[in-house]
Amino acid sequence: MKMVNNPFAIVENFEKSVAQYTGAKYAVALDSCTNAIFLCCKYLNVKKVTIPACTYLSVPMSIIHSGAKVLFDKRIIVNKWKGLYQLKPYPIWDSAKRFTSGMYIKGSFMCLSFHIKKLLPIGKGGMILSDDRKAVNWFKKARYEGRSQKPYHLDDIKFLGWNMYMTPEQASRGLALMLNYPNHVKDQIERPMYKDLTTFKVFKNYKV
C-alpha cells in the first residue's frame, strides 16, 4: 500500500520551527541531547574535550563513546555555567538548559534537550542546531542507520549509522507546545546543582 502522507514529515516541520525560532539555518531532530552530543563528537572526530566537572552524567560518556578523551575542569567559575557551555576547544555546545528565541551561535553545533524535565518537554528528544549544510546531511544519515530519506529498498547504505531518530509522536508534541511557547525564556536552573562527576568511580581514572 502506497502512503498518501509520510508521518515523518512532521519531524521535518518541527525541525524547521525550531530552526526559525532559534535563529539557526538548520536543525536536526534526534532522540536525545546525549546522542546529539555524541554525533557532533563523531562528526568532528574530537580527540580531547574539556567540560565542566559539574554537568549531566551522559555528556562525558558520549564523548568517551565517540572515541575521545575527557578532561574535567573543576574551577568554580567554569562550574557556575548557566544555560549552556562549550565542549572545548570544539564548536559544540551543550545547550540542554536553554531554549529561547535567537539563541543560535553562528558556526556552532548546539545540542538541545526536549526531555520531559526540560523547557520544551516533549517526553524525550534532542536536536542539533547548525549552519553547516554538509554536517546536517551527515547527521541526518547518521541518526537513521546510514539511510537516506527514501524507501529502504531503493537506498544504498554507504556507512554505519545509528538508531537515533526522533519519532513523529515526539515531534507532533513539540509542534503543539511551540504554538504557545514564549519568545524569551530564562535559562533553566538545575536544582540541586549537578554533582562533580569526578567523584564517581567510573571517572576516577580520567585526568582532571
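The values are calculated or read from the model by the stated rules, or taken from the named source; none is laboratory data. Everything quoted here is computed from the prediction, not taken from an experiment. Every residue, glycine among them, receives a Cβ derived from its backbone with ideal geometry; neighbour counts consider all protein chains shown.
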Fill in the blank from the handout: Subset of segment 150-185, residues surrounded by 12 or more Cβ atoms within 10 Å (Cβ to Cβ), over 18 Å from the mean Cα position of the chain (by Cα) and part of a loop (DSSP other than H, G, I, E, B), comes to Asp155, Ile157, Tyr181, Val185
Exercise for the section: From (1) free of Cβ contacts under 8 Å to residues at least 24 places away in the same chain; (2) touching a strand residue (DSSP E or B) at 6+ places or on another chain (Cβ under 7 Å), pick out the condition that doesn't hold for Ile37. Expected result: (1)
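Which is in contact with a His (Cβ under 9 Å, 6 or more places away or on another chain) and not acidic (Asp, Glu), of Cys54, Cys33, Cys40? Talk me through it step by step, then tell me what you get.
Values: Cys54 fails: in contact with a His (Cβ under 9 Å, 6 or more places away or on another chain); Cys40 fails: in contact with a His (Cβ under 9 Å, 6 or more places away or on another chain).
One residue alone meets the criteria, Cys33.
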Practice task
Being out of contact with any helix residue (DSSP H, G or I) (no Cβ under 6 Å at 6 or more places or on another chain), in contact (Cβ under 8 Å) with a residue 40 or more places away in the chain, part of a loop (DSSP other than H, G, I, E, B) and closer than 27 Å to Thr55 by Cα narrows it down to one of Lys118, Lys106, so name that one.
Solution key: Lys118
Problem - Conditions (1) under 21 Å from Tyr206 (Cβ atoms); (2) crowded, with 20+ Cβ neighbours inside 10 Å; (3) of a type in the set (S, T, N, Q); (4) in contact with a Phe, Trp or Tyr (Cβ under 7 Å, 6 or more places away or on another chain); number of the one not met by Thr22 - result: (1)
Exercise for the section: Just name the residue that is nearest to Gln170 (Cα to Cα) out of those in segment 116-134 that are surrounded by fewer than 19 Cβ atoms within 10 Å (Cβ to Cβ) and not basic (Lys, Arg). Expected result: Gly123
Handout entry: Considering residues of segment 135-149 that are on the phi < 0 side of the Ramachandran plot and assigned to a loop (DSSP other than H, G, I, E, B) only, the residue surrounded by the most Cβ atoms within 10 Å (Cβ to Cβ)
Key = Arg143
Completion exercise
Exactly one of Ile77, Ile105 is closer than 20 Å to Ile189 by Cβ and surrounded by fewer than 23 Cβ atoms within 10 Å (Cβ to Cβ), and that residue is Ile77
Exercise for the section: With the condition kept exactly as written, say whether any residue in segment 18-31 is at pLDDT 95 or above, polar (S, T, N, Q) and more than 26 Å from Pro182 (Cα to Cα). Expected result: no
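Sort out for me the strands (runs of 3 or more DSSP E) sitting completely within segment 35-100 that have 1 or more residues that are within 28 Å of Asn183 (Cβ to Cβ) and under 16 Å from the mean Cα position of the chain (by Cα). Spell out the reasoning first.
Numbers: elements: 48-52, 69-73, 92-94.
Answer list for segment 35-100: 92-94.
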Exercise for the section: Please specify each residue of segment 186-208 satisfying the condition of being part of a loop (DSSP other than H, G, I, E, B) and either β-branched (Val, Ile, Thr) or within 20 Å of the chain's Cα centre (by Cα) (or both). Expected result: Lys186, Asp187, Gln188, Ile189, Glu190, Tyr194, Val208
